[in-house]
Amino acid sequence: MELQELREVCEEDLYTFACVMFPDRYYGDVHKELFHYFQHGESDYQLALIPRDHQKSHCLAVYAAWKLTVAPWWTFLYVSANPGLGQEQLNVVVDILRSDSHRLLWPEHLNYVKDRDGSMKHKPTGTWTNEVIKLDHPE
(Lines give C-alpha, C1' and ligand atoms only; values in the text may rest on other atoms or scores of the structure.)
Protein backbone atom coordinates (compact mmCIF):
# COMPACT_ATOMS: atom_id res chain seq x y z
CA MET A 1 0.00 0.00 0.00
CA GLU A 2 1.38 3.41 -0.93
CA LEU A 3 1.75 6.18 1.66
CA GLN A 4 -1.05 8.31 0.21
CA GLU A 5 -3.41 5.35 0.17
CA LEU A 6 -2.48 4.40 3.75
CA ARG A 7 -3.01 8.02 4.81
CA GLU A 8 -6.49 8.06 3.28
CA VAL A 9 -7.44 4.74 4.87
CA CYS A 10 -6.25 5.97 8.29
CA GLU A 11 -8.21 9.19 7.90
CA GLU A 12 -11.35 7.25 6.99
CA ASP A 13 -11.13 4.66 9.77
CA LEU A 14 -10.13 5.29 13.39
CA TYR A 15 -9.47 1.60 14.06
CA THR A 16 -7.00 1.40 11.17
CA PHE A 17 -5.35 4.60 12.41
CA ALA A 18 -4.94 3.01 15.87
CA CYS A 19 -3.43 -0.16 14.38
CA VAL A 20 -0.97 1.83 12.27
CA MET A 21 0.07 4.07 15.16
CA PHE A 22 0.39 1.09 17.56
CA PRO A 23 1.30 -1.94 15.41
CA ASP A 24 2.45 -3.98 18.43
CA ARG A 25 -0.57 -3.26 20.64
CA TYR A 26 -3.40 -5.76 20.90
CA TYR A 27 -6.85 -4.45 20.07
CA GLY A 28 -9.70 -6.93 20.44
CA ASP A 29 -13.24 -6.81 19.13
CA VAL A 30 -14.33 -4.58 22.02
CA HIS A 31 -11.72 -2.00 21.02
CA LYS A 32 -12.69 -2.18 17.36
CA GLU A 33 -16.31 -1.55 18.36
CA LEU A 34 -15.28 1.27 20.71
CA PHE A 35 -13.24 2.99 17.98
CA HIS A 36 -16.21 2.64 15.61
CA TYR A 37 -18.50 4.09 18.28
CA PHE A 38 -16.17 7.06 18.88
CA GLN A 39 -15.91 7.73 15.16
CA HIS A 40 -19.55 7.24 14.19
CA GLY A 41 -21.43 8.06 17.41
CA GLU A 42 -24.74 9.75 16.78
CA SER A 43 -24.38 12.23 19.60
CA ASP A 44 -21.89 14.84 20.73
CA TYR A 45 -21.96 13.08 24.11
CA GLN A 46 -20.93 9.47 24.33
CA LEU A 47 -20.70 6.98 27.17
CA ALA A 48 -18.68 3.76 27.10
CA LEU A 49 -19.40 1.19 29.80
CA ILE A 50 -16.47 -1.19 29.65
CA PRO A 51 -14.75 -2.86 32.64
CA ARG A 52 -11.71 -1.34 34.31
CA ASP A 53 -8.32 -1.88 32.67
CA HIS A 54 -9.76 -2.43 29.19
CA GLN A 55 -7.93 0.52 27.56
CA LYS A 56 -10.89 2.96 27.48
CA SER A 57 -8.65 5.94 28.27
CA HIS A 58 -6.06 4.82 25.73
CA CYS A 59 -8.74 4.45 23.06
CA LEU A 60 -10.06 7.93 23.83
CA ALA A 61 -6.55 9.39 23.56
CA VAL A 62 -6.11 7.64 20.19
CA TYR A 63 -9.45 9.10 19.12
CA ALA A 64 -8.29 12.60 20.10
CA ALA A 65 -5.06 12.17 18.12
CA TRP A 66 -7.00 10.84 15.12
CA LYS A 67 -9.50 13.70 15.29
CA LEU A 68 -6.64 16.22 15.39
CA THR A 69 -5.10 14.43 12.44
CA VAL A 70 -8.20 14.64 10.23
CA ALA A 71 -9.33 18.05 11.57
CA PRO A 72 -6.24 19.93 12.84
CA TRP A 73 -8.36 22.95 13.82
CA TRP A 74 -10.38 20.79 16.25
CA THR A 75 -10.20 21.64 19.95
CA PHE A 76 -10.66 19.21 22.80
CA LEU A 77 -10.59 19.43 26.56
CA TYR A 78 -9.57 16.22 28.29
CA VAL A 79 -11.14 16.10 31.75
CA SER A 80 -10.27 13.35 34.17
CA ALA A 81 -11.07 12.67 37.82
CA ASN A 82 -7.39 11.88 38.21
CA PRO A 83 -4.96 14.58 36.97
CA GLY A 84 -2.25 11.97 36.48
CA LEU A 85 -4.44 9.97 34.10
CA GLY A 86 -5.31 13.12 32.17
CA GLN A 87 -1.61 13.94 31.77
CA GLU A 88 -0.83 10.36 30.82
CA GLN A 89 -3.47 10.41 28.08
CA LEU A 90 -2.28 13.76 26.75
CA ASN A 91 1.16 12.16 26.55
CA VAL A 92 -0.34 9.37 24.42
CA VAL A 93 -1.76 12.02 22.05
CA VAL A 94 1.60 13.80 21.90
CA ASP A 95 3.48 10.53 21.37
CA ILE A 96 1.22 9.69 18.43
CA LEU A 97 1.58 13.13 16.88
CA ARG A 98 5.38 13.04 17.28
CA SER A 99 5.75 9.43 16.13
CA ASP A 100 7.73 8.56 13.02
CA SER A 101 4.62 6.93 11.51
CA HIS A 102 2.51 10.05 11.98
CA ARG A 103 5.24 12.35 10.70
CA LEU A 104 5.68 10.16 7.61
CA LEU A 105 1.94 10.19 6.81
CA TRP A 106 1.12 13.76 7.91
CA PRO A 107 4.31 15.85 7.74
CA GLU A 108 2.37 19.13 7.66
CA HIS A 109 0.94 18.71 11.17
CA LEU A 110 4.10 19.49 13.15
CA ASN A 111 7.00 21.77 12.34
CA TYR A 112 10.20 19.69 12.22
CA VAL A 113 13.65 21.16 11.70
CA LYS A 114 17.03 19.51 11.36
CA ASP A 115 18.95 19.61 14.63
CA ARG A 116 22.72 20.20 14.82
CA ASP A 117 23.33 16.46 14.99
CA GLY A 118 21.29 15.92 11.81
CA SER A 119 18.22 14.46 13.54
CA MET A 120 14.77 15.92 13.04
CA LYS A 121 13.40 17.85 16.02
CA HIS A 122 9.92 19.22 16.60
CA LYS A 123 10.04 22.99 16.90
CA PRO A 124 6.53 24.19 17.78
CA THR A 125 5.26 27.37 16.19
CA GLY A 126 2.46 27.66 18.76
CA THR A 127 1.66 26.63 22.31
CA TRP A 128 3.21 23.35 23.38
CA THR A 129 3.29 22.66 27.11
CA ASN A 130 2.52 19.74 29.42
CA GLU A 131 -1.11 20.88 29.46
CA VAL A 132 -1.75 22.55 26.10
CA ILE A 133 -0.71 21.62 22.58
CA LYS A 134 -1.37 23.34 19.29
CA LEU A 135 -0.60 21.75 15.95
CA ASP A 136 1.59 23.59 13.49
CA HIS A 137 -0.71 22.69 10.60
CA PRO A 138 -1.46 25.74 8.41
CA GLU A 139 -5.23 25.30 8.89
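The values are calculated or read from the model by the stated rules, or taken from the named source; none is laboratory data. Quantities reported herein were computed from a predicted structural model and do not represent experimental measurements. Using ideal geometry, Cβ is built from the backbone for each residue, glycine included, and neighbour counts are taken over all protein chains shown. Please note that ligands, DNA and RNA were not included when accessible areas were found on the heavy atoms of the full protein model with its side chains. Shrake-Rupley method; radii C 1.70, N 1.55, O 1.52, S 1.80 Å.
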Tell me whether segment 57-123 comes out rounded, prolate or oblate; compute the Cα gyration tensor, take square roots of the eigenvalues as a ≥ b ≥ c, and use a/c under 1.5 as the rounded threshold. prolate
Separation between the D53 and N111 pseudo-spin-labels, each 7 Å from Cα along Cα→Cβ, expressed in nm? 4.4
Hey, what's segment 2-139 come to in accessible area per residue, 1.4 Å probe, Å²? 66
Going through K32/K121; K56/K123; K56/K134 one by one, the pairs whose alpha carbons sit over 27 Å apart turn out to be K32/K121; K56/K123
Selection of chymotrypsin sites (Phe, Trp or Tyr not before Pro), segment 12-41, meeting DSSP coil and at most 12 other Cβ within 10 Å: Y26
Length added when fully stretched, S99-T127, from 0.36 nm per residue minus Cα-Cα: 8.2 nm
First check a/c for segment 8-67, with a ≥ b ≥ c the square roots of the eigenvalues of its C-alpha gyration tensor; if it is under 1.5, answer rounded, and if not, answer prolate when a/b is larger than b/c or oblate otherwise. oblate
Find out how many positive minus negative residues lie around Y112, taking Lys and Arg as positive, Asp and Glu as negative, among other residues whose Cβ is under 13 Å from that of Y112. +1
On the accessible surface of the chain, probed at 1.4 Å, how many percent belong to carbon and sulfur atoms? 50
May I ask you to derive the relative contact order of segment 1-132, considering only C-alpha pairs under 8 Å and at least 6 residues apart, and to give it as an integer percent? 21
From the helices alone, meaning DSSP H stretches of at least four residues, give me the mean residue ellipticity at 222 nm for the chain, per-run term -39500 (n - 2.57), in deg cm²/dmol to the nearest 500. -14500 deg cm²/dmol
With every protein chain left in place, what is the accessible area of E11 in Å² (1.4 Å probe, nearest 10)? 60
Here the gain from full extension of M120 to L85, 0.36 nm per residue of separation minus their alpha-carbon distance, amounts to 9.7 nm
For the chain, what is the charge dipole size about the Cα centre, in debye to the nearest 20, if Lys and Arg each add +1 at the Cβ and Asp and Glu each add -1 at the Cβ? 520
